[in-house]
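**Student:** Next up is a structure, given as structure tokens.
The values are calculated or read from the model by the stated rules, or taken from the named source; none is laboratory data. Worth saying up front: this structure is predicted, and the values here are computed from it rather than measured. Here the Cβ is made from the backbone with ideal geometry for all residues, glycine too, and neighbour counts use every protein chain on show. With ligands, DNA and RNA removed, areas are computed over all heavy atoms of the protein, side chains included. Shrake-Rupley method; radii C 1.70, N 1.55, O 1.52, S 1.80 Å.
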Amino acid sequence: MKRRGFSLIEVLTVLAIVSVMATLAFPGFRDQVLKGRRAEAREALHTMQLAQERFRSRAPRYATRLDELEQPETTRNGLYRLRVGLGDATRYRIEAVAQGSQSADRRCRVLALQLESGAIRAFGLDDRGADQSDGCWPQ
């Protein structure tokens, strides 16, 4: 008589191997998802940058509030809260702060663009406020 199927030991062995593989792969997958979502913040910041320049062409200063720029308070999918950190006659700083599920992105919690002395600087800050610009913005 031929036996069909798998023994309990074989099934448990396969489940153990799959569990170990999933445990090792999931953190890397999660990090890649968080990294990919940063594009939403960068897109919103570039839109705000253009809005700042339009505002400045009509006023003697840069905007200090989102409503002056006619921009929403969050990004398209609500992963980042947007804000104007600084605005005066010659400079501005605009920021996207991770919120909701994106707040798990500890490496790049804040993405920002800053205009100062005629040059735009892109930077990122981790959850402790340390500069992570090289890792947060593509080169």
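**Student:** If you rank Phe123, Phe6, Phe55 by how much accessible surface each has, with a 1.4 Å probe, what is the order from largest down? Kindly include the intermediate steps, with their values, before the conclusion.
**Tutor:** Details: Phe123 10, Phe6 165, Phe55 30 Å².
Listed by decreasing accessible area, they come as Phe6, Phe55, Phe123.
**Student:** Please identify, among Leu69, Leu12, Leu113, the residue showing maximal mean-square fluctuation in a Gaussian network model of the chain using a 10 angstrom Cα cutoff.
**Tutor:** Highest fluctuation of the listed residues: Leu12.
**Student:** Going out from 0 in 5 Å bins, what whole percent of all Cα-Cα distances in segment 10-104 drops into each bin?
**Tutor:** 3, 13, 19, 15, 11, 9, 7, 6, 5, 4, 3, 3, 2, 1, 0
**Student:** Towards the positive end of the charge dipole of segment 50-105, with charges on Cβ (+1 Lys, Arg; -1 Asp, Glu), say which of Tyr62, Gly85, Ser101 has the farthest Cα.
**Tutor:** Tyr62
**Student:** With a 1.4 Å probe and every protein chain left in place, tell me how much accessible area Ser117 has, in Å² to the nearest 10.
**Tutor:** 110
**Student:** Take the alpha carbon atoms of segment 55-96, find their center, do the same for segment 123-139, and report the distance between the two centers in whole angstrom.
**Tutor:** Using only Cα atoms, the two centres lie 20 Å from each other.
**Student:** Summing -39500 (n - 2.57) over the DSSP H runs of n ≥ 4 in the chain and dividing by its residue number, what mean residue ellipticity at 222 nm do you reach, to the nearest 500 deg cm²/dmol?
**Tutor:** Numbers: 3 runs with 59 residues, N = 139.
Only helices count here, giving -14500 deg cm²/dmol.
**Student:** Count charges around Ala98 for me, please; just the other residues with Cβ under 15 Å from its Cβ, Lys/Arg as +1, Asp/Glu as -1.
**Tutor:** Details: positive: Arg30, Lys35, Arg37, Arg38, Arg42, Arg76, Arg81, Arg83, Arg106, Arg107, Arg109, Arg128; negative: Asp31, Glu40, Glu43, Glu73, Glu95, Asp105, Asp126, Asp127.
Taking every Cβ under 15 Å from that of Ala98, the sum is +4.
**Student:** Calculate what fraction, in whole %, of the accessible area of the chain sits on carbon and sulfur atoms when a 1.4 Å probe is rolled over the protein chains. Let's see the in-between values first.
**Tutor:** Numbers: 5090 of 9090 Å².
Roughly 56 percent, rounded to a whole number.
**Student:** Hey, what's the chain come to in accessible area per residue, 1.4 Å probe, Å²?
**Tutor:** Values: 9090 Å² over 139 residues.
Counting only protein heavy atoms, the per-residue value for the chain is 65 Å².
**Student:** Quick check: pseudo-label points 7 Å beyond the Cα along Cα→Cβ at Arg121 and Glu43, how many nm apart are they?
**Tutor:** Distance between the two pseudo-spin positions: 2.8 nm.
**Student:** Please compute the contact order of the chain in relative form: average sequence separation of alpha-carbon pairs under 8 Å and at least six residues apart, divided by the residue count, as a percent. Before the final figure, lay out the partial values.
**Tutor:** On the way: 204 pairs, mean separation 21.1, N = 139.
The value is 15 percent.
**Student:** Classify segment 48-131 from the C-alpha gyration tensor, please: rounded if a/c falls under 1.5, else prolate or oblate depending on whether a/b exceeds b/c. Before the final figure, lay out each step's value.
**Tutor:** On the way: a/c = 3.01, a/b = 1.57, b/c = 1.92.
Verdict is oblate for segment 48-131.
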